[in-house]
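Written below as C-alpha cells is the structure these notes are about.
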Amino acid sequence: MNIIEPILFQCRSNPPAAALCVPGKFFNVVSYARLERFIHNVGRKGEQLGLTAGNIVAIFISDAVLHVAVMLGLTRLGVITFSGRNPKLPKELRVDALITDSFFPYEAARIIRADRGWMEGDGNSLGQDKIRRGNIKDICRIVLTSGTTGDAKAVGLTHGIIAKRIGRHLTVLGTRLPQCARTYCELGFATSLGFQFLIYILWRGGTIFFPGDSMEFNLRAFDAYKVQNMISAPSNLAQYLRYFEGQKSLQCNLEMILSAGSLLSPSLSKRVQARICPNVFSLYGSTEASMVATAPAHAIADTVGAVGYVTPGISVEIVDQAENVLPAGQEGIVRIRSPYSADAYIGDPVESAKAFRDGWFYPGDIGRLTSENLLIIAGREKAVVNLGGDKVKPELVEEAIVSFASIEQAGVFSVVNDLGIEELWALIVSRAAWDERALRSHCESKLPHTFVPVRFIPVDSLPHNEMGKIERHLLWGIARDKLN
C-alpha cells in the first residue's frame, strides 16, 4: 500500500474538514477536498517533468502547504522524497532532482523551481497506470540524520516501516493521543517524527497545524480551532513557556504535549506542566529506530537523565566497549533492537557497519537501565552538540562565522540555559570591530536557524593544544570570566 492512499480516502470521506492549517499564511486553512486536488495536480506536474518511481528528489520549499503538496503528490507517483534543511547533503546520496521555491546554493543534476501554480488545475486523478502502489518494502521517504557522528546520513523509510511506526501510537502514547484530532507540530518536515505525525494525522482525518508568521498567530489558532495536542522539541517548548510566563492572563487549553528530539529537563518539564499543560510526555528515539522510550514527564521528572520506559516490542541493552551486556543500573553504551528500524545508511557502508551491527542499532548514547526498564541517558559518545534533536559539529558553525569579514577565529560550544536547554555560544577573535546584527544575518544565510549561536563573545585569543586544535573544554570558563 502507498501511504498516500489512506489520506485520499479521508479526502473523499469528509471533504469539508480542515486538513492543514498554517496561521497567518496565504493558505491559512486547507480542507481535505482542496488537499486532494493539490495531491493530484502536483502528481500530474511531476509526471510532466518526467519524475518516475524510484527517483530521489530533495525538497527545499519554505511554503509549508506547497511543501506538503509536493511531498504527497510525488510520493503517490512512487518518487522517493526528502526534505532539506542544510545545503550540505551526503555525498553518498544520489539525488535525481532538487525542487525549490527560492534560490538554493546546491549543485544538483537537476534543479526544478516550484511555485503555488503547481497546486492549480482540475484536480483530476492521474490514470491508474501512473500511480505507484508498490509494496511495503519500497522506500518512500528519506530522512537525513546526523547518526552517531554529526555528519548527515540518509535513512530510508519504507511504506511498511512508516505504517508500523504509526500503528504503535496507541500503545506507546496511550489513549489520550487518539482523542486529539487537532495537533500543532513544531517539528519540521525534515525530521522523521515531523513527517510521521503529518501522515498520522491525515490518515485519521484530523487537522495538523504548522508554525505560522509568529507565535501570536499560532496561539490565536490554538484558541480559534481548539488545538488539543502539541509536539515540539524542548528548545521550542521553552520559547512558548517564556511567552506564557510573560503573559500572565493568557490561558492555554492544550490537552497534551509531546516533547521529542532531546532531553526534557526536569526544570522545563515542571514549569511547562504548571503553566501550559499538565499532560506532558517525554519521547526518546531516533530516525533509525523510531520511538524507543516514553513516559509521562511527571513520572520521570525527579530522575536526572531519564527519558522514558522502553516501549513494547523494542529491546534496549547497555553494553561495555567489548559489547558485553551490563546489569541494571550500570552505565555503558546504549544499543537498540527494533522491528521498526532501518538497517543501514543509504550509500554509506562504512558508517552503516559502525552503527548497525548484528541486528542492533548503536545511537551513540551513553546510559543505563533500571530494573523497571527506565532508560536514563548520561551523554554522547562523541562531541557533537545536540540542539533539540539536531546534532551539529562545532567546526561547521565555526567555518560559517570565520567566513564573515574581519573575523579570524571562532570557538563554538554549548551552554545549558536556565530551562535546561542546550544552546550555542561562540567566542570570537577578530582583527577589527564587527557588528553583531550583521554577523548574525551572515550566519543565518549559511546555517539552519537552530545552529546560529545565541551569544557572540569577543575575546583576544582561543586556547589551542600543541596540535593547533581548540581545547573546547576551556571555552566555557573563558566565556564566564569575560562576562563577569
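The values are calculated or read from the model by the stated rules, or taken from the named source; none is laboratory data. Just so you know, these numbers come straight off a predicted model, no measurement behind them. Note: ideal-geometry Cβ built from the backbone for every residue, glycine included; neighbour counts use all protein chains shown.
Of Ala432, Ala383, Ala438, all but one fail to be modelled with pLDDT under 90, small (Gly, Ala, Ser) and loosely packed, with under 12 Cβ neighbours inside 10 Å; the exception is Ala432.
Condition (residue is surrounded by fewer than 17 Cβ atoms within 10 Å (Cβ to Cβ), farther than 24 Å from Lys45 by Cα and modelled with pLDDT under 85) applied to the range 153-173: is it met by at least one residue? Taking every residue of the range 153-173 in turn, at least one turns out to be surrounded by fewer than 17 Cβ atoms within 10 Å (Cβ to Cβ), farther than 24 Å from Lys45 by Cα and modelled with pLDDT under 85.
The condition of being crowded, with 17+ Cβ neighbours inside 10 Å and more than 15 Å from the chain's Cα centre (by Cα) does not hold for Gln196. The range 18-88 holds strands (runs of 3 or more DSSP E) entirely within its bounds, and those carrying 2 or more residues that are touching a Ser or Thr at 6+ places or on another chain (Cβ under 8 Å) map to 18-21, 56-60. A count restricted to the range 173-200 and to residues that are within 19 Å of Glu36 (Cα to Cα) and in contact with a Cys (Cβ under 8 Å, 6 or more places away or on another chain) stands at 2. Considering the range 66-97, the residues that are under 16 Å from Gly188 (Cα atoms) and small (Gly, Ala, Ser) include one that is modelled with the highest pLDDT, namely Ala69.
Residues that are of a type in the set (Gly, Ala, Ser) and over 21 Å from Ala154 (Cβ atoms) were ranked within the range 356-378; the one that is surrounded by the fewest Cβ atoms within 10 Å (Cβ to Cβ) is Ser371.
Considering the range 19-60, the residues that are closer than 13 Å to Gly205 by Cα and either outside the structural domain of Ala224 (by TED's automatic domain parsing) or more than 24 Å from the chain's Cα centre (by Cα) (or both) include one that is surrounded by the most Cβ atoms within 10 Å (Cβ to Cβ), namely Tyr32. Taking the condition farther than 27 Å from Gly261 by Cβ and touching a residue at least 12 places away in the same chain (Cβ under 8 Å), does Val459 pass? Criteria met by Val459. The set of residues from the range 162-211 being of a type outside the set (A, V, I, L, M), within 23 Å of Tyr309 (Cα to Cα) and touching a residue at least 40 places away in the same chain (Cβ under 8 Å) comprises Lys164, Arg165, Arg168, Thr171, Arg176, Gln179, Cys180, Thr191, Ser192. Restricting the range 168-181 to residues that are within 20 Å of the chain's Cα centre (by Cα) and in a helix (DSSP H, G or I) leaves a set whose member that is nearest to Pro312 (Cα to Cα) is Val172. Scanning the range 332-366 for residues that are assigned to a strand (DSSP E or B) and farther than 19 Å from Gly285 by Cα yields a count of 0.
Among the listed residues Thr183, Thr100, identify the single one that is under 19 Å from Ala233 (Cβ atoms), assigned by TED's automatic domain parsing to the domain that holds Gly54 and modelled with pLDDT of 90 or more.
Numbers: Thr100 fails: under 19 Å from Ala233 (Cβ atoms).
After applying the criteria, what remains is Thr183.
Scanning the range 390-414 for residues that are out of contact with any helix residue (DSSP H, G or I) (no Cβ under 6 Å at 6 or more places or on another chain), part of a strand (DSSP E or B) and under 17 Å from Leu89 (Cα atoms) turns up just one, Lys391.
Picking from Ile366, Ile377, Ile336, which residue would you name as being touching a Pro at 6+ places or on another chain (Cβ under 7 Å) and not polar (S, T, N, Q)?
Values: Ile366 fails: touching a Pro at 6+ places or on another chain (Cβ under 7 Å); Ile377 fails: touching a Pro at 6+ places or on another chain (Cβ under 7 Å).
Matching residue, one of Ile366, Ile377, Ile336: Ile336.
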